[in-house]
Amino acid sequence: MPENIQPKTAEKPSPAAALSAPAKSNSQNSPEAVNKIRRRLLWTGIWGYLGVNLLMFLRYFFPRALFEPPTVFNAGYVSDYSLGVDQRFLQSERCWVVREPGRLFVIFAQCTHLGCTPDWEPSQNIFHCPCHGSEYDSEGVNFAGPAPRPMDRCHIILDPSNQIVVDTSQRYIQDPAAGTNQFNDAGAFISA
């Protein structure tokens with residue numbers, strides 16, 4: 001049996017469909033649609049700005065506290081130290097305890113040039129800063145390099161039980177350019 005095969009012809013769109021199709025493509029580009037997008041973008045920006053300001057306002061009520069380690073520490077007894085430089089507090093407190101005949105003092109381990117931590121060289125009996133080559137003697141007094149003055153000394157006292165108490169926040173300086181010498185002030189050393 002032969003089948004009737006009819007060629008398919010393209011259907012012509014109805015006039016109503018032809019009118020609605022261009023209207024759809026024009027509706028996305030119509031001035032009302034563009035204005036609606038602009039308004040939505042503008043309101044999103046305004047609400048975003050106000051939201052960020054609200055968060056900053058609320059952040060004001062939570063303090064920004066720095067939790068730093070205590071600056072006062074107990075360094076033991078005078079009899080715990082022999083003559084010379086002791087490095088047991090270099091890592092934890094950033095200072096050296098120095099005992100000389102008749103006195104004991106604490107040097108804060110910070111180069112006065114740019115703030116690096118110098119190294120103690122026991123073979124040469126000097127402090128040497130690895131950053132720019134400043135050198136200090138065993139008392140922390142500079143003698144070579146770009147350091148402008150000796151290293152600072154920390155406040156040191158004996159408590160009632162004869163233990164050494166060091167406060168690294170209170171420092172004594174010696175600055176020959178300014179005519180300041182606090183190394184012999186009470187609190188810069190203890191008699192040993």
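Every number here is computed from the coordinates shown, using simple stated rules; none is lab data. Small disclaimer: the values here were computed from a predicted structure and weren't measured. A quick note on method: Cβ atoms are made from the backbone with ideal geometry, for glycine too, and the neighbour counts reach across all protein chains shown.
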Fluctuation leader among ARG39, ARG94, ARG149 - the chain, Gaussian network, Cα springs under 10 angstrom: ARG39
Within the stretch 98-123, the residues whose backbone N lies under 16 Å from a label point placed 7 Å from the Cα of GLU135 along the Cα-to-Cβ direction are 118-123
Give me the number: length gained by fully extending ALA144 to ASP175, i.e. 0.36 nm times residue separation minus the C-alpha to C-alpha distance, one decimal in nm. 9.6 nm
Figure the gain on full extension for LEU158 and THR117 (residue separation times 0.36 nm, minus the Cα-Cα span) and round it to one decimal in nm. 12.1 nm
Using the number of other C-beta atoms within 10 angstrom as an exposure proxy, rank MET56, MET151 with the fewest first. MET56, MET151
Go from 0 up to the bin containing the longest alpha carbon distance in the chain, width 5 Å each, and give me the % of pairs per bin. 1, 6, 11, 12, 10, 7, 4, 3, 3, 4, 4, 3, 3, 3, 3, 3, 3, 3, 3, 3, 3, 2, 1, 1, 0, 0
Fewest to most neighbouring Cβ within 10 Å: what's the order for CYS95, CYS111? CYS111, CYS95
Along the Cα→Cβ direction, 7 angstrom out, place labels at THR44 and ASN29. What is the inter-label distance in nm? 2.2 nm
List, largest first, the extents of the alpha carbons of the stretch 59-157 along their principal axes, each in whole Å. 54, 35, 18
Singleton cysteines, the chain, no second Cys beta-carbon under 4.7 Å -> CYS95, CYS154
Could you list which residues have their amide H under 5 Å from that of ASP119, counting only those 5 or more apart in sequence or on another chain, with H placed in the peptide plane? HIS128, CYS129
Choice from GLY133, GLY179, GLY84 showing the highest fluctuation, given a GNM over the chain with Cα pairs closer than 10 Å: GLY179
Please identify, among TYR81, TYR60, TYR136, the residue showing maximal mean-square fluctuation in a Gaussian network model of the chain using a 10 angstrom Cα cutoff. TYR60
Give me the number: length gained by fully extending ASP167 to SER92, i.e. 0.36 nm times residue separation minus the C-alpha to C-alpha distance, one decimal in nm. 25.7 nm
